[in-house]
Amino acid sequence: MISAERIPNNVGLSGNKRLQRALEHWQPKYIQWWRDMGPQGFQDYHQVFVRTAVSVDPSGWAHFEYVKLPEYRWGIFLADPVHDRRIGFGDFFGQPVWQEVPGEFRNQLRRLIVTQGDTEPASVEQQRWLGQRCPSLYDLRNLFQVNVEEGRHLWAMVYLLHSYFGRDGRDEAEELLERQSGNRDKPRILDAFNEPIDNWLDFFMFTMFTDRDGKSQLLSLSESSLDPLSRTTRFMLTEEAHHMFVGETGIARILERTCQLMTSAGYSEDVRKLGGIDLPTIQKFINLWFSLSLDLHGNEISTNAASYFANGLKGRAQEEKWDDHLVRERHYELDVAADGRIERKAIPMRTAMNEVLRDWYVGDCQAGVTRWNKILERHGMSDRLRLPDRKFNRGIGMFSSLHFDPNGTALPDEAWARRRHEWLPSPEDREYLLSIMAEPVYEPGKFANYIAPPLRGINRMPIHFEYVRTEA
Ligand code: BYC
């Protein structure tokens, strides 16, 4: 029988034989997947200084230890229940939340949980080669911390599938380990999770922008009328915050170093000659990962989204901040593409819920970019970073068949084909990044030339602490 002690949990695992049996079947497959598709080259001979969630209270977060990655204790946690919690929006507003899945919403809920679950292992797969190119042991440890937590998020969704969806749920849980990021025959469900992440600029942008979509989607799922889904995602949000910290501070440290190099070169733009990452390249990677992550919010006009809202399955981020929780009459104004032209139109707000969530997301991203610009300002630079227009480089939604520049100006196909690498990473940009990342930095306290050290270490350890150690 699977040992409940090895799996920290607050779901009463030791007394739940059915769940134990389901996990007993799934866990060996998960470990095999982790070995095959998880961090490459760091499975057997390395110990990583990671944080393991051992309970949901604040002290449960303070547990740091060296572990071999396949031996990480992936746990199952739900945030504490809210007494007498009521459905906060949609047609069932005010009714008690559900502790079981109602038959009529089973398919929709399963689809939402599977889509969420699919992104978690996908991100681990996307990032599996980065350890071979890391800028420092500090960053290597952060990468692995993010990876094990994404693994835990997969466990969280598999817990829901096993506990509430019977045989279908068990089949879905297996398929979550069978699809593979970028695989032509069995790709991951959402496009951004099939994109390669082969350098650390990609990684930091992904944790800044794509993990922020994670925050946005988890906030809206945490409003769900299905209480176990709400409680699971509420706990996941606490881990998501660290991932965005890794992304935002990773880019902040690159900017810091870029500014130092520019200053030492007499404000010359040619930072590449000094082995740094120039601002235009950083801007291109913002353009790429922001637009890919906008796509993750789905179509601007979506009957799926309207029905999720009507049935209380998936709400708006921070639903309590809105005054109207029924949204029966309201309209939402948005740009609509029709016959190659763009018109402002008012559409029923329920069908615009993806766009409402996207608004929240764009605001949260903008706040991060504003913080980055303070670094440029502090160094006396006149350049500023910015988010591209929402219509730029879209692969999902009504703008996906048209082309726009980062200002939102429409472009003919030919101009887009000719100019796209002015705004998006070119093969040469990627080649350059790989060239400066070719030699990993594994010496404690040392950092690659293109990135500044962090302000402080992990869990009050010094920056030169050996965050990842090789077994003798
Ligand atoms: N790529 O009516 P629509 C995270 C499909 S990230 C490919 O707009 P809906 C994390 C859609 O599936 C957060 N296909 O769909 C971050 C549908 O297909 P079918 C992940 C896409 O359902 C970093 C069709 O288009 N969480 O946690 O309203 C590291 C119709 O579209 C895409 C969630 O996603 C796309 N980008 O909205 C680790 C939450 N977008 O069925 C983790 C759960 C749409 O007609 N998911 N399509 O063939 C959802 O809430 C919704 O499924 C979506 C899509 C918002 C994603």
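Just so you know, all these numbers are worked out from the coordinates, no wet-lab data involved. The structure displayed is predicted, hence computed values, not measured ones. Virtual Cβ from ideal backbone geometry, glycine too; neighbours counted across all protein chains shown.
With in a helix (DSSP H, G or I) and either within 13 Å of the ligand (Cβ to nearest atom) or out of contact with any helix residue (DSSP H, G or I) (no Cβ under 6 Å at 6 or more places or on another chain) (or both) as the only criterion, which of LEU294, LEU326, LEU313 stands out? Show your work before the answer.
Working: LEU326 fails: in a helix (DSSP H, G or I); LEU313 fails: in a helix (DSSP H, G or I).
Being in a helix (DSSP H, G or I) and either within 13 Å of the ligand (Cβ to nearest atom) or out of contact with any helix residue (DSSP H, G or I) (no Cβ under 6 Å at 6 or more places or on another chain) (or both) holds for just one of LEU294, LEU326, LEU313, which is LEU294.
Just to be sure I understand, how many residues within segment 277-319 are touching a residue at least 60 places away in the same chain (Cβ under 8 Å) and under 21 Å from CYS365 (Cα atoms)?
Number of matching residues: 26.
Name the helices (runs of 4 or more DSSP H) wholly inside segment 127-227 in which the number of residues that are of a type in the set (S, T, N, Q) and under 20 Å from the mean Cα position of the chain (by Cα) is 2 or more.
Working: elements: 137-164, 166-175, 200-205, 211-221.
Output list reads 137-164, 211-221.
Could we say that LEU402 is over 30 Å from GLY266 (Cβ atoms) and in contact with a strand residue (DSSP E or B) (Cβ under 8 Å, 6 or more places away or on another chain) here? So that I can check it myself, show each step before the final result.
Working: over 30 Å from GLY266 (Cβ atoms): yes; in contact with a strand residue (DSSP E or B) (Cβ under 8 Å, 6 or more places away or on another chain): yes.
For LEU402, the condition - over 30 Å from GLY266 (Cβ atoms) and in contact with a strand residue (DSSP E or B) (Cβ under 8 Å, 6 or more places away or on another chain) - is met.
Name the residue, out of ARG73, ARG35, ARG111, that is basic (Lys, Arg) and part of a loop (DSSP other than H, G, I, E, B). Full working, then the answer.
Numbers: ARG35 fails: part of a loop (DSSP other than H, G, I, E, B); ARG111 fails: part of a loop (DSSP other than H, G, I, E, B).
That would be ARG73, the only listed residue that is basic (Lys, Arg) and part of a loop (DSSP other than H, G, I, E, B).
So which of ALA122, ALA79 ends up being in contact (Cβ under 8 Å) with a residue 24 or more places away in the chain, in contact with a helix residue (DSSP H, G or I) (Cβ under 6 Å, 6 or more places away or on another chain) and within 15 Å of the ligand (Cβ to nearest atom)? Write out each step before concluding.
Values: ALA79 fails: within 15 Å of the ligand (Cβ to nearest atom).
Exactly one of ALA122, ALA79 is in contact (Cβ under 8 Å) with a residue 24 or more places away in the chain, in contact with a helix residue (DSSP H, G or I) (Cβ under 6 Å, 6 or more places away or on another chain) and within 15 Å of the ligand (Cβ to nearest atom), namely ALA122.
Of all residues in segment 91-119, count the ones that are of a type in the set (Phe, Trp, Tyr) and near the ligand (Cβ under 10 Å from one of its atoms). I'd like the intermediate steps shown before the answer.
Filtering segment 91-119 down to residues of a type in the set (Phe, Trp, Tyr) leaves 92-93, 98, 105.
Narrowing the set further to residues that are near the ligand (Cβ under 10 Å from one of its atoms) leaves none.
The total comes to 0.
So that you can scan it fast, the table gives a plain yes or no per residue for (1) away from the ligand (no atom under 16 Å from the Cβ); (2) among the β-branched types (Val, Ile, Thr); (3) over 24 Å from the mean Cα position of the chain (by Cα); (4) over 24 Å from ASN194 (Cβ atoms):
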{"position": "MET349", "(1), (2), (3), (4)": "no, no, yes, yes"}
{"position": "TRP360", "(1), (2), (3), (4)": "no, no, no, yes"}
{"position": "CYS365", "(1), (2), (3), (4)": "no, no, no, no"}
{"position": "THR370", "(1), (2), (3), (4)": "yes, yes, no, yes"}
{"position": "ARG384", "(1), (2), (3), (4)": "yes, no, yes, yes"}
{"position": "LYS391", "(1), (2), (3), (4)": "no, no, no, no"}
{"position": "MET398", "(1), (2), (3), (4)": "no, no, no, no"}
{"position": "LEU402", "(1), (2), (3), (4)": "yes, no, yes, no"}
